[in-house]
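Every number here is computed from the coordinates shown, using simple stated rules; none is lab data. Only a predicted model underlies this, so the values are computations on that prediction, with no experimental measurement involved. Here the Cβ positions follow ideal geometry from the backbone for every residue, glycine too, while neighbour counts run over all protein chains shown.
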Amino acid sequence: MSEKSPVGFRLPEGSIWKGKTAFVELGCITCHSVVDEDLMPEMTAPRKIHVVLGGEITRVKTYGQLVTSIINPSHVISPQYRDKYTDAEGNSLMTDFSKEMTVEQMIDIAEFLQARYEVVIPDYAYNEYGYGP
Ligand code: HEC
């Protein structure tokens, strides 16, 4: 197993409701709408960048990928966004939230979005690496 293996990565349970609030407060809504969610306040000006989150899976397939796409957006960028939403160096145009977002907000947002993506939370209990719950 490599030193940077995601095995064993697991966030504590968050609050969907608080995640939705944090999503609005941190300004995620300036670039994102979320499938089947009414996010208040509604955007009055048209978004310069608009990436719909949730629903049909684009890139995010696992919980680990979902969290990575929030805290390290340039790590992997879906081909459908690569031409449109990257700068000259190929980095994501998504804001870097590493200084603004608390760990609690990150956990809650992951919980909120996870309910909108069909992502799989890995269960590493008693797998071949001998990890417990
Ligand atoms: C300035 C615009 C902007 C803001 C603000 C922004 N994002 Fe993004 N986001 C993007 C762009 C552009 C992409 C597509 C490129 C990429 O994957 O990084 C993206 C991609 C994503 C994805 C992956 C989408 C997929 O299915 O591939 C997630 C999840 C996400 N953002 C969550 C968030 C959250 C949570 C916040 C607020 C904390 C946020 N974003 C704020 C622009 C933004």
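Would you mind counting up the charge near G14? Only other residues with Cβ under 10 Å from its Cβ, with Lys and Arg at +1 and Asp and Glu at -1. Cβ neighbours under 10 Å give a net charge of -3. Peptides 94-107, 65-78, 3-16 ranked from most to least packed, by the mean per-residue count of other Cβ atoms within 10 Å: 65-78, 94-107, 3-16. Computed from Cα atoms alone, the Kirkwood hydrodynamic radius reported for the range 16-114 is 14.0 Å.
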